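*Asks:* Questions regarding the structure given below will be posed in turn.
The values are calculated or read from the model by the stated rules, or taken from the named source; none is laboratory data. This one's a predicted model, so the numbers in the text were calculated from it and none came from an experiment. No Cβ is skipped: glycine too gets one built from the backbone with ideal geometry, and neighbour counts run over all protein chains shown. These accessible areas exclude ligands, DNA and RNA; they are computed on the full protein's heavy atoms, side chains included. Shrake-Rupley method; radii C 1.70, N 1.55, O 1.52, S 1.80 Å.
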Amino acid sequence: MNLRTIEKSTWVYLAIAFLLFVVPFLVTGRSIQFLIIQIFVFGIFAMSYDLLLGYTGIISFGHVMFFGVGAYSTAVLFDRFEPTIFTFGLAILVSAIIAGVVSFIVGILTLRLKSHFYAMLTLALAGLFLVGAEKWRKVTGGSDGFTFGLPDMLRDSFTLYMLSALSLVLLFFGLRRMTKSPFGKVLVAIRENESRTESLGYQVLHYKVIVSVVSGVVASYSGVLYILSLRFVDTSVFATDLTIDVLLMTIIGGVGTLIGPIIGASLIEFAHHWLSDLSDVHWLFERWIILYGTIFILIVVFFPKGIVGTLADRYIRWRARRTE
Amino acid sequence: MSDFLELRHMKANIEQYHILHDITFRVPKGEVTVLLGRNGAGKTTTLRSIMGLNPVVGGSLTFKGESIRNLKPHQIANKGIGYVPEDQGIFYDLTVGENMRVAMKKENGETKARMEWILDLFPDLKKFWNKPGGQLSGGQKQMLAISRAYVNDNELLLIDEPSKGLAPIVVEKVMESIHQMKEQTTIVLVEQNFMMASGIGDRFYIIDDGQTVQSGQMNELKQDGVLLQKYLGIS
């Protein structure tokens, strides 16, 4: 029964993935393609946050630092070296190493303590990265930022779309496999009852540090993709607003679901795009953030576990009633 | 029989409060040792301290002759001690099957055989295998909690108030399962229901105000009306 359910859902996800690869042949407008690329990028970023919040119950207020590390590593390397595919590979590697090391150190220092220590330290470190990027003008260009060149292949929006879509799909299936594995089940157990998990014989700190490193590395990769689409970097990639955005994406979509944060990212990116575009229609839309807030409140009221979480919950209850 | 678990003058805290003053008892291998006492006497704290969940600040704590006093909960669990907490500690978002598999750290012939045995004992768990733990009834949760501790080849089980809040018919079922487990493992049982505990236990220790005040064979306690009245309020 369970196996069949997993297979069914995998087929559904594969079908959606196939559709994602077909979209650029149907939608050729650059702005809409750019919007979808942003959704893919923030979908990856939100999935990385979901690993922490949704699966392990770790709250981070500075997740954006990993995103920023990915963005700056890529921008600086393309700026300093010949913009080639090799440099791109190097950027992914360097950002993954920096994000991995930072998340490992932060994890080791704080994850043995109560969760708010991790939240506070990540918030402080993200602030430190932001100030560092502003002050280290020689490398980062400070708050003015800088533009950089890309290899010819990555200049094409179609290629960038396909790269982002492929990254989203591969990371989604990879992380899904991880969360469905025994390792993932231990993460959920930690989220629900840490001391109980430990008294079952699991060294909880190891699991939390591993998930923190995986999450940091995935977030840094989303930063790499983000900056490819902009070809410009400034200190806004370290802004706390991005952490708040990704938190909202995860909560609206449904924590602990992986697909939920992607849906949350889609809704928020579309809301950003469409609601602000509607300012010509009515003055109210100039204050689109009010509507955005209203939508958020409605979703929290009617979908307390997020869209996917609440729907999945209802489905499980319905199925349980049928089997009784 | 050799002493499997031994506590000598153990002292333990909950945060800054000194809760256990002097706990001393010995658990022989293959027996069921019952900890008795009024509410708040320190029985649950004793089990939590053995598991490393509360800091032990004095005395000694040995398992199979080796000190486990300064070990972390996962190290103690990996030495072969299973714990069924008072609140059952079910993972609500995991299904019954996932709860069992998280508890079963290694999957081999022995643990699979144990799983089969426990599912035969509690057919409800097999029936609701794919149901989230949070949707089980109180009795089913207790069955799952006991099963999780038993499915690993633990040599010692610490079971805290398994009958708490359950209907009499479910209590009977749970106690019957503990009775069967007794054949295969050593058990320390905390139980308020003296009638149930006396049917299972081989020996007893009474804890009062954070210290062990009486001990002996369970058969002797059943006959000792004065002791039952004094410490357990049973006349």
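*Asks:* Using beta carbons and a limit of 9 Å, which pairs, at least six apart or on different chains, have the first residue in the range A:286-311 and over 10 Å from A:Gly254 (Cβ atoms) and the second one modelled with pLDDT of 85 or more and acidic (Asp, Glu)?
*Replies:* Within 9 Å, no pair qualifies.
*Asks:* Identify the residue in the range A:25-79 that is among the β-branched types (Val, Ile, Thr) and in a loop (DSSP other than H, G, I, E, B) and, among all such residues, is most open to solvent (accessible area, probe 1.4 Å). Before the answer, list the steps.
*Replies:* Of all residues in the range A:25-79, those among the β-branched types (Val, Ile, Thr) come to A:27-28, A:32, A:36-37, A:39, A:41, A:44, A:56, A:58-59, A:64, A:69, A:74, A:76.
Going one step further and asking which of them are in a loop (DSSP other than H, G, I, E, B), we end up with A:27-28, A:58-59.
Working: A:Val27: 49, A:Thr28: 105, A:Ile58: 5, A:Ile59: 66 Å².
Among them, the one singled out is A:Thr28.
*Asks:* Test A:Phe158 against the stated conditions and say whether it is part of a helix (DSSP H, G or I) and closer than 16 Å to A:Ser215 by Cα.
*Replies:* On the way: part of a helix (DSSP H, G or I): yes; closer than 16 Å to A:Ser215 by Cα: no.
When the stated conditions are applied, A:Phe158 does not pass them.
*Asks:* If you don't mind, there's one more thing I want to ask. Give the residue, chosen from B:Arg38, B:Arg26, B:Arg101, that is open to solvent by 40 Å² or more (accessible area, probe 1.4 Å), within 19 Å of the chain's Cα centre (by Cα) and at pLDDT 90 or above. Spell out the reasoning first.
*Replies:* Values: B:Arg38 fails: at pLDDT 90 or above; B:Arg101 fails: within 19 Å of the chain's Cα centre (by Cα).
Exactly one of B:Arg38, B:Arg26, B:Arg101 is open to solvent by 40 Å² or more (accessible area, probe 1.4 Å), within 19 Å of the chain's Cα centre (by Cα) and at pLDDT 90 or above, namely B:Arg26.
*Asks:* Still on this structure, please answer the following. Which helices (runs of 4 or more DSSP H) sit wholly inside the range B:105-185 and have at least 3 residues that are closer than 25 Å to B:Thr45 by Cα?
*Replies:* Numbers: elements: B:109-121, B:123-127, B:138-151, B:168-181.
Passing ranges, in order: B:138-151, B:168-181.
*Asks:* So, one more: Name the single residue that is least open to solvent (accessible area, probe 1.4 Å) among those in the range B:107-124 being among the charged types (D, E, K, R) and touching a residue at least 24 places away in the same chain (Cβ under 8 Å).
*Replies:* Selected residue: B:Arg114.
*Asks:* Here is a follow-up. Checking the condition more than 11 Å from every other protein chain (Cβ to nearest Cβ) and closer than 23 Å to B:Val151 by Cα, which residue from B:Val57, B:Val34 passes? Spell out how you get there, then give the answer.
*Replies:* Values: B:Val57 fails: closer than 23 Å to B:Val151 by Cα.
Answer to the selection: B:Val34.
*Asks:* Among the residues of the range A:182-202, is any under 25 Å from A:Arg30 (Cβ atoms) and either within 14 Å of chain B (Cβ to nearest Cβ) or of a type in the set (A, V, I, L, M, F, W, C) (or both)?
*Replies:* As a first pass, look at the range A:182-202 and keep what is under 25 Å from A:Arg30 (Cβ atoms): none.
The answer is no; no qualifying residue exists.
*Asks:* Next question. Under 9 Å by Cβ, and 6 or more places apart or on different chains, what pairs join a residue from the range A:226-237 that is touching a residue at least 60 places away in the same chain (Cβ under 8 Å) and within 20 Å of A:Met162 (Cα to Cα) with one that is open to solvent by less than 60 Å² (accessible area, probe 1.4 Å) and assigned to a loop (DSSP other than H, G, I, E, B)?
*Replies:* Qualifying pairs under 9 Å: A:Ile227/A:Phe148; A:Leu228/A:Leu150; A:Arg231/A:Phe148; A:Arg231/A:Gly149; A:Arg231/A:Leu150.
*Asks:* Counting only residues that are among the hydrophobic types (A, V, I, L, M, F, W, C) and open to solvent by 10 Å² or more (accessible area, probe 1.4 Å), which one in the range A:191-208 is nearest to B:Tyr150 (Cα to Cα)? It would help to see each step written out before you state the result.
*Replies:* Filtering the range A:191-208 for residues among the hydrophobic types (A, V, I, L, M, F, W, C) gives A:200, A:204-205.
Next cut, open to solvent by 10 Å² or more (accessible area, probe 1.4 Å) only: A:200, A:205.
On the way: A:Leu200: 11, A:Leu205: 25 Å.
This residue is A:Leu200.
*Asks:* Condition check: buried (at least 20 other Cβ atoms within 10 Å of the Cβ), within 14 Å of chain B (Cβ to nearest Cβ) and not charged (D, E, K, R). Does A:Val218 satisfy that? Quick ask: steps written out before the conclusion?
*Replies:* On the way: buried (at least 20 other Cβ atoms within 10 Å of the Cβ): yes; within 14 Å of chain B (Cβ to nearest Cβ): no; not charged (D, E, K, R): yes.
So A:Val218 does not fit the description; no.
*Asks:* Mind listing just one residue for me: the one in the range B:88-98 that is at the interface with another protein chain (Cβ under 7 Å from one of its Cβ atoms) and surrounded by 21 or more Cβ atoms within 10 Å (Cβ to Cβ) and, of those, modelled with the lowest pLDDT? Spell out how you get there, then give the answer.
*Replies:* First pass over the range B:88-98, keeping only residues at the interface with another protein chain (Cβ under 7 Å from one of its Cβ atoms): B:89, B:91-94, B:98.
Subset that is surrounded by 21 or more Cβ atoms within 10 Å (Cβ to Cβ): B:89, B:91, B:98.
Numbers: B:Gly89: 87, B:Phe91: 94, B:Glu98: 93.
The extreme case among them is B:Gly89.
*Asks:* Within the range B:100-132, how many residues turn out to be within 12 Å of another protein chain (Cβ to nearest Cβ) and out of contact with any Leu (no Cβ under 6 Å at 6 or more places or on another chain)?
*Replies:* Number satisfying all stated conditions: 14.
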